[in-house]
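Read the figures in this text as sums done on the coordinates, not as results from a lab. Note that the coordinates shown come from a computational prediction; the quantities given were computed from them, not determined experimentally. Cβ atoms come from the backbone with ideal geometry, glycine included; neighbour counts cover every protein chain shown.
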Amino acid sequence: MGRQCALQFEMEQGADPANRLTLDPRSRDALGLPRPVATYDLSPHVRDGIAAAKGVSDQIFALLGTADHSDHAPGRCGLRLRRRPRS
């Protein structure tokens with residue numbers, strides 16, 4: 001096995017009342033209970049932070065003379081998330 005390293009950046013988003021869990025009265029589970037609906041979006045500040053962290057990450061890997069082999073393909077975490085624009 002070759003050498004590996006892990007590089008992690010953490011972002012914390014402030015509270016946003018638009019990010020919430022609600023119940024969908026039109027969709028029911030096997031027990032007849034309303035299914036949950038998660039509404040979540042990243043703030044522009046967090047989006048900018050993620051982009052800046054990626055830039056720093058690219059610089060670190062370049063200085064190390066190595067490549068980033070991260071896989072951020074949709075569905076890798078087992079969740080099905082869809083982006084809905086804010087209204």
Putting +1 on Lys and Arg Cβ atoms and -1 on Asp and Glu Cβ atoms, find which of SER27, ALA62, VAL37 reaches farthest to the positive end of the dipole of the range 20-64. SER27
Treat each spin label as a single point 7 Å out from the Cα along the C-beta direction, and report the ASP71 to ASP24 distance in nm. 2.9 nm
Extended-chain gain in nm, criterion 0.36 nm per residue less alpha-carbon gap, ALA51 and ALA15: 10.9 nm
Dipole magnitude of the range 20-64 about its Cα centre, charges +1 at Lys/Arg Cβ and -1 at Asp/Glu Cβ only, in debye to the nearest 20? 220 debye
